[in-house]
Amino acid sequence: DLFIENVNVSIKDLSGTPMNPGEVTKEVITQITGTFSGYISVLESLPITVAGRPGHRFVYIGDVTEANRSAVEAEYGKIDTSNPMKYMFVWVLKDNKLYIITYIAPKSEYDKYLKYVNEIVKSFQFI
């Protein structure tokens, strides 16, 4: 297993295009599903609270099959279809900044670290 499961936090400044939480959620989901159309299976999309603010959790799995493998590999590189990747995106908006917490792991290892990731999300605070 060469993949290292990981959690990241990124911040995107939206002051040039202010949005409310509902608009942000629609835009992020549209970008993910549009970019990976036909290559993912959405498992979860639900509102959550992050640091006392309305946020969203979006979980999907890379859905690479033998039928679409060559197209996916041409775009993204070699893919292991026997153990697809599972992704969690959690986002929250504050002061026109979008905070995105991502968790990525092979499907077979995803649940192994999920309780720690959920603790990270629950403990997230704005400083």
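The values are calculated or read from the model by the stated rules, or taken from the named source; none is laboratory data. Being a predicted model, the structure only gives us computed values, none of them experimental. Note: ideal-geometry Cβ built from the backbone for every residue, glycine included; neighbour counts use all protein chains shown. Surface areas here come from the heavy atoms of the whole protein model, side chains and all, with no ligands, DNA or RNA. Shrake-Rupley method; radii C 1.70, N 1.55, O 1.52, S 1.80 Å.
So what is the 222 nm mean residue ellipticity for the chain from helices alone, if each DSSP H run of at least 4 adds -39500 (n - 2.57) and you divide by all residues, rounding to the nearest 500 deg cm²/dmol?
On the way: 3 runs with 40 residues, N = 127.
Rounded to the nearest 500, the figure is -10000 deg cm²/dmol.
Highest average first, the peptides 83-89, 46-52, 95-101 ordered by how many other beta carbon atoms sit within 10 Å of their residues are 83-89, 95-101, 46-52.
Quick one: pull the percent of accessible area on the chain belonging to carbon and sulfur, 1.4 Å probe, ligands and nucleic acids left out.
Ligands and nucleic acids excluded, carbon and sulfur reach 53 percent.
Taking amide hydrogens as placed 1.01 Å from N in the peptide plane, the amide H of Lys97 sits under 5 Å from those of Leu14, each at least 5 positions away in sequence or on another chain. Here the Karplus curve 6.51 cos²θ - 1.76 cosθ + 1.60, taken at θ = phi - 60°, turns the phi angles of segment 49-55 into couplings of 9, 10, 6, x, 10, x, x Hz, with x standing for Gly and Pro.
Close Lys pairs in the chain (alpha-carbon distance under 24 Å; sequence gap of 8 or more, or different chains): 20.
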